[in-house]
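Everything on this sheet refers to the single structure shown next.
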Amino acid sequence: MNKGIEKSTGEWLYFLGADDKFFDSYVLDSLSKFFLIDSLDLIFGRVLYEFDGDYPFIYSKKKKVKEPSWNLTIWLRNPVHHQGTFFRRGLFESLNYDSRFDILADYHLNLKLYKEKVSVIIYDGFIAKCLSSGVSKKGFWKMYKEEAILKTELSRKILFVLFYGLSFLKYILAWNIRGKK
């Protein structure tokens, strides 16, 4: 993503994966009024998961909408998905995606932006559709380890044990639930 940012020229940036797509053909028109607000840094909207047969353990067929939020719960889970986020390009003059995090670089960036208290708006609509079988939904230990590391680095070192413990519990729970499906 950092290479794409370096090559970009627009005022707003959006990151769409290979299997992702806009929710409908009106998304950009619906958001156009927000793009004109000079003080705004981030625009969030809903993401709809499309189940592709390998749906993840944390979602069910009844809960396929990812609702964004921008509050302290960001320290518990990532409530903002890159498929549902537009970034003002100027944010990347001082920040970027940390390439140490193969799976959760977007979560790491979100936490940094949250700590910086950037200006956000939550759009009351859908921005994107994405498949439910992405690598961040697989439940691999590597993801949980990344989560513990990035949370520790961006908060207090004393919370290391707490974050690793929570990550380990999430990992065990994920594989236990996944094994029962």
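Residues whose amide H comes within less than 5 Å of that of R46, counting only those at least five positions distant or on another chain, are G125, F126, I127 (H built at 1.01 Å from N in the peptide plane). For the chain, modelled as a GNM whose springs connect Cα atoms under 10 angstrom apart, the maximal fluctuation among V161, V65, V47 occurs at V161. Pairs with C-alpha atoms separated by more than 26 Å, drawn from the list K7/K151; K21/K170; K7/K157; K3/K33; K112/K145; K7/K64, are K7/K151; K21/K170; K7/K157; K3/K33; K7/K64.
Helix-derived [θ] at 222 nm for the chain: sum -39500 (n - 2.57) over DSSP H runs of at least 4, divide by residue count, nearest 500?
Details: 5 runs with 60 residues, N = 181.
Only helices count here, giving -10500 deg cm²/dmol.
Result for the chain in a Gaussian network model with C-alpha springs under 10 Å: among K33, K66, K115, the largest mean-square fluctuation is at K33. In the Gaussian network model of the chain, springs joining C-alpha atoms below 10 Å, which of L31, L150, L72 carries the largest mean-square fluctuation? Among L31, L150, L72, the largest mean-square fluctuation in the Gaussian network model of the chain belongs to L72.
Would you mind working out the magnitude of the charge dipole of the chain relative to its Cα centre, with +1 at each Lys and Arg C-beta and -1 at each Asp and Glu C-beta, to the nearest 20 Debye? Intermediate results must be reported in sequence, preceding the final value.
Working: 29 positive and 21 negative charges, 187 e Å.
Its charge dipole is roughly 900 debye.
Against the set (1) 9.8; (2) 11.3; (3) 10.7, the structure's computed mean projected area of the Cα convex hull in nm² falls on (3).
Could you tell me what percent of the DSSP beta bridges with both partners in the range 2-137 are antiparallel, to the nearest 5? Numbers along the way, then the final one.
Working: 10 of 18 bridges.
DSSP beta bridges in the range 2-137 are roughly 55 percent antiparallel.
Sequence-distant contacts, meaning Cα pairs under 8 Å at least 6 residues apart, place the relative contact order of the chain at 30 percent.
A Förster radius of 22 Å combined with the Cβ-Cβ distance from D102 to S155 puts the calculated FRET efficiency at roughly 0.55.
Readers should treat all values here as calculations from the given coordinates under stated rules, not as data from a laboratory. Since the model is a prediction, treat every value here as computed from it, not as a measurement. Positions of Cβ are generated from backbone atoms using ideal geometry, with glycine treated the same way; all protein chains shown enter the neighbour counts.
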